[in-house]
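Shown next, in structure tokens, is the structure this report addresses.
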Amino acid sequence: MYFISSLLSKLLTCILFCVISVAGYAQNKEWMEVYFNMPADHSVATPGNKSNSNWDLIGTLENLIDSANTSIDLCIYDIEHKRIAHALARAANRGVRVRVVTDDHNRTDGGTYDIEVWEILATANIISIDDDGDIYSADGSIIDNDLVNNGSDMHNKFAVIDYLSPSKHDDYVWSGSTNMTYTGPFNTNHTIVIKDSEVAKVYTEEFEQMWGDQDETPDP
């Protein structure tokens with residue numbers, strides 16, 4: 001599963017390097033944008049194709065989470081940024097379904113930052129599952145499992161926003177190379193935002209293979 005989503009992310013990245021920015025399209029249009037956190041030489045860009053450089057990459061995900069109305073599926077290698085944790089908690093508190101898949105090692109051995117993040121999510125009654133099949137319930141209890149993926153370093157980083165919405169025009173996918181670690185936004189990285197219902201469908205199918213189910217409760 002890691003290989004499939006990583007390959008898809010790389011293919012989409014290659015495509016995005018060749019397309020113009022289309023953020024101005026109407027709400028019912030499909031588009032893709034890529035954001036970079038390093039300076040770019042805009043003098044070599046073709047007209048209307050200047051890159052989104054020097055960007056707040058954490059903010060690209062945070063803003064999408066804050067815009068969600070029905071659902072958020074987040075598959076993430078690690079979460080150290082409390083900005084993302086608080087955004088997920090805000091979403092859950094306003095009635096958005098939030099599901100999280102993460103890496104076992106970072107979930108259990110990530111240190112102080114990770115502990116604070118997961119406490120924020122637990123307070124907001126957000127359930128998560130890691131690649132060892134361990135389920136972290138909203139009440140703080142842990143259902144322990146020992147799947148073959150334990151220690152395999154689940155390194156995906158993508159989110160599907162509002163796939164539950166009855167309208168296909170509300171579906172967004174966030175992905176890219178950026179980890180939600182404290183070093184992620186400072187290393188040379190990029191993020192991708194895709195507004196496309198079919199891409200959102202594919203990523204949701206990938207997420208639910210790891211989640212193990214199509215509802216609010218994960219199944220290892």
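Computed from the coordinates by the stated procedures, all read-outs in this text should not be read as laboratory data. Predicted model, so just to flag it, every value in this text is computed and none were measured. In this analysis, Cβ positions are derived from the backbone assuming ideal geometry, glycine residues included, and neighbour counts consider all displayed protein chains.
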Other-chain or far-sequence residues with amide H under 5 Å of Met38's (modelled H): Asn54, Trp55, Asn189
With a ≥ b ≥ c taken as the square roots of the eigenvalues of the C-alpha gyration tensor of the range 64-217, please select rounded if a/c is under 1.5 and otherwise prolate if a/b is larger than b/c or oblate if it is not? rounded
Apply the Karplus parameterisation 6.51 cos²θ - 1.76 cosθ + 1.60, with θ equal to phi minus 60°, to every residue of the range 42-51 and state each ³J(HN,Hα) to the nearest whole Hz, in sequence, with x for glycine and proline. 6, 5, 9, 7, 6, x, x, 10, 5, 6
Report, by chain and number, residues whose modeled amide H sits under 5 Å from the one on Val98, excluding near sequence neighbours (fewer than 5 apart, same chain). Ile72
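Give the calculated FRET efficiency between His155 and Lys82 to the nearest 0.05, with a Förster radius of 25 Å applied to their Cβ-Cβ distance. Let's see the in-between values first.
Numbers: r = 22 Å, r/R0 = 0.86.
Efficiency, from the Cβ-Cβ distance: 0.70.
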Residues meeting the amide H criterion for Thr178 (H placed from the backbone, H to H distance under 5 Å, 5 or more places apart or on another chain) are His190
From the backbone phi of the range 206-216, what are the Karplus-calculated ³J(HN,Hα) couplings (6.51 cos²θ - 1.76 cosθ + 1.60, θ = phi - 60°) in whole Hz, Gly and Pro given as x? 5, 4, 6, 5, 7, 5, x, 6, 10, 10, 7
In nm, spacing of pseudo-spin labels at Ser177 and Asn125 (7 Å Cα→C-beta vector): 4.1 nm
From the phi of every residue in the range 79-86, what ³J(HN,Hα) in whole Hz does the Karplus formula 6.51 cos²θ - 1.76 cosθ + 1.60 yield, where θ is phi - 60° and glycine or proline is x? 10, 10, 7, 5, 4, 6, 4, 5
